Amino acid sequence: MAQQFVQAKIKGDKVVLFMKPTCPYCTTAKAVLSKYKFKPGHLEFIDISGRSDMGSVQDYLLELTGARTVPRVFIGEECIGGGSDVKALHDDGKLEGMLQRIGALQ
């Protein structure tokens, strides 16, 4: 179930943030991504904290990305890391180009 859930969410033209609202790194990632003007439906914040299969989702994220922790940020089907990674890409001016390449921005 968890694998199908994650795979259904990560698509080539979307940005997806798997998160828990109480996590400071998740808050950072969400704040950075919120600075961009996304096309409708191209940015999704997924709170896994209330899911009955949260552990399974995190186990699958480990299998997929090498890390079980959240946030896990996907640009298209590629995981670019967590909160610090997203902030660094933004600060370096690289994030916008990555978002444009998948056609997610207005």
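Quick look at the numbers
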| read-out | value |
| --- | --- |
| Pairs, first closer than 14 Å to ASP13 by Cα in the range 76-93, second among the β-branched types (Val, Ile, Thr), C-beta under 6 Å, six or more apart | GLY76/ILE102; GLU77/ILE10; CYS79/THR65 |
| Test: LYS37 is charged (D, E, K, R) and surrounded by fewer than 16 Cβ atoms within 10 Å (Cβ to Cβ) | yes |
| Test: GLY83 is touching a helix residue (DSSP H, G or I) at 6+ places or on another chain (Cβ under 9 Å), modelled with pLDDT of 95 or more and surrounded by fewer than 18 Cβ atoms within 10 Å (Cβ to Cβ) | no |
| Of all residues making up the range 21-50, the number that are in a loop (DSSP other than H, G, I, E, B) and within 12 Å of HIS90 (Cα to Cα) | 3 |
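Conditions (1) within 9 Å of the chain's Cα centre (by Cα); (2) closer than 14 Å to GLY83 by Cα, marked per residue:
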residue: GLN3; (1), (2): no, no
residue: ALA8; (1), (2): no, no
residue: GLY12; (1), (2): no, no
residue: LEU17; (1), (2): yes, yes
residue: LYS20; (1), (2): no, yes
residue: ALA31; (1), (2): no, yes
residue: SER34; (1), (2): no, yes
residue: LYS39; (1), (2): no, no
residue: HIS42; (1), (2): no, no
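The values are calculated or read from the model by the stated rules, or taken from the named source; none is laboratory data. These numbers were taken from a predicted model, which means no experiment stands behind them. Ideal geometry is used to build each Cβ from the backbone, glycine not excepted, and the neighbour counts take in all protein chains shown.
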